[in-house]
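Notes to accompany the following structure.
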Amino acid sequence: MAFILGIKKNITQVFDEAGNVIPVTLVKAGPALVTQVKSKEKDGYSAVQLGFGEKKDKNIKKPQKGHLKKITINLNLRWLREFRVADESKYKLGDVIDASVFKEGDKVQVSGTVKGRGFQGVVKRHGFHGGPRTHGQKHSEREAGSIGGGGRAGGRVIKGMRMPGRMGGNRVTVKGLKIIKIDEKNNLLVVSGAVPGAKEGLVEIMKL
């Protein structure tokens, strides 16, 4: 099982051998550090925790410094993320994981936090087409329309009704993406399609 943490970089395109254009996302993947190995006997489940990125020493809290003190390499890690594994015995504290854990053609899933879009209406948030542009309408072109009725007692609003509200800022996982090319020297992965999240945002990549 292969997994790594990375930073989303540019969106661009490449050409395959047949001359077809492929939209891709560049991801700076690793090097990531194994900061903790969890076992079923001790923790109840098998997992590997990776640390990635750097930040100033003054911005690292004391509990995190204590958590990382067992690692011989002195790094001020910015992110810590966990990956479930079937066999944790293959990993040990301080191991370095880089882009070479993947191969060209590997199918992967990528998780990231999408951009926060604030409070949005139903047209942007849910894709509603809005009301008619004519027939005496004045201010209701992008309104949601009726939200009650439908034979419900008291005309109550049912749970799950699609309405205006906060949009974005949530974790999204995209499956079935493909590793098109790997630059091991610069730890760059060229991933087909769109990867969730903003530029320079953290992404988690796992082989399917």
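Every read-out reported here was derived from the displayed coordinates using simple, explicitly stated rules and does not represent laboratory data. Note that the structure is predicted; figures quoted are calculated from it, not measured. So basically every Cβ, Gly included, is an ideal-geometry build from the backbone, and we count neighbours across all protein chains shown.
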Query raised in the report: Somewhere in region 85-108, is a residue within 15 Å of Ala47 (Cα to Cα), touching a Ser or Thr at 6+ places or on another chain (Cβ under 8 Å) and of a type in the set (Lys, Arg)?
Result: no
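For region 150-185, how many residues meet the condition of being closer than 29 Å to Lys9 by Cα, outside any strand (DSSP E or B), out of contact with any helix residue (DSSP H, G or I) (no Cβ under 6 Å at 6 or more places or on another chain) and in contact (Cβ under 8 Å) with a residue 40 or more places away in the chain? Steps first, answer last, please.
Just the residues of region 150-185 that are closer than 29 Å to Lys9 by Cα, to begin with: 166-185.
Then drop every residue that is not outside any strand (DSSP E or B), which leaves 168-170, 184-185.
After this cut, where a residue has to be out of contact with any helix residue (DSSP H, G or I) (no Cβ under 6 Å at 6 or more places or on another chain) as well, the list is 168-170, 185.
Now narrow it down to the ones that are in contact (Cβ under 8 Å) with a residue 40 or more places away in the chain: 168-170.
Count: 3.
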Query raised in the report: When region 16-31 is examined, which residues are found to be loosely packed, with under 11 Cβ neighbours inside 10 Å and under 26 Å from Ala2 (Cα atoms)?
Result: Asp16
Report task. Could you list all residues from region 155-179 that are surrounded by 18 or more Cβ atoms within 10 Å (Cβ to Cβ) and over 14 Å from the mean Cα position of the chain (by Cα)? Result -> Ile179
**Report entry** Some residue of region 66-79 being buried (at least 17 other Cβ atoms within 10 Å of the Cβ), within 20 Å of the chain's Cα centre (by Cα) and closer than 27 Å to Ala194 by Cα
**Finding:** yes
Report summary line: Of (1) part of a strand (DSSP E or B); (2) loosely packed, with under 11 Cβ neighbours inside 10 Å, Gly145 satisfies every one except (1)
